[in-house]
Amino acid sequence: MRMYRVLVCVVLMAIGVVARSYAQVPGMPTTAGETLTGKRIVLADAVRGHKAVLVAGFSHDGGIACGDWMKAIRGDVALSGVDVYEIAMLEGAPGIFRGMIKSGMRKGMSSVEQERMVVLTQDDKVWEKYFQVSNGQEPQVMLLDAQGSVVWRGHGAASAVEAELRAAASSH
């Protein structure tokens, strides 16, 4: 009877490990964030099973330039079937200013756009490593396939590299 209980525990633990490995995108940080509508979100869970584009700003300048990317992506018919999330990294912003920053970001955004805008206030270094950031002053862009594998990454102005993203999205 004791051996049976041990076996059941081992099997349940193995199922838990396997389920957790399928629960999130491989390699993507599992930092919990918040959308501008106030919902808790873990991007690794949100993009699981879907082709997705992540557009991240790791600085004030990079964050502002993300807006151009979002406009370009929304206006590109070739990317219309892809889930798109904008990420604002605010770990470096003092806590007392974060509310004002988020309020400023909400201005001019529809509720749908606010739902896809994710604010992260921790793990900047982990996300920088994931995005392979070489210049934090530029927006970082990544295309994931439905299995969560990175199939394209770029950085800089949308006008300079959006065509590469479009080509990568249509070929995957």
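Under 26 Å Cα to Cα from K107, which lysines show up? Leave out anything in the same chain fewer than 8 places away.
K39, K71
How long, wide and thick is the stretch 18-166, going by the Cα atoms along their three principal axes, in whole angstroms, largest first?
39, 37, 31
What is the sum of charges, Lys and Arg at +1 and Asp and Glu at -1, for the other residues whose Cβ falls under 13 Å from the Cβ of A157?
Neighbour charge sum, excluding A157 itself: -4.
How would you classify the stretch 109-172 from its alpha-carbon gyration tensor, with a ≥ b ≥ c the square roots of the eigenvalues: rounded for a/c under 1.5, else prolate if a/b is greater than b/c, otherwise oblate?
Rounded, because the longest to shortest axis ratio a/c is under 1.5.
Every number in this text was worked out from the coordinates using simple rules, so none of it is lab data. All figures in this text were calculated on a predicted structure; none of them were measured in a lab. Cβ sites come from the backbone with ideal geometry, for glycine too, and all protein chains shown count toward neighbours.
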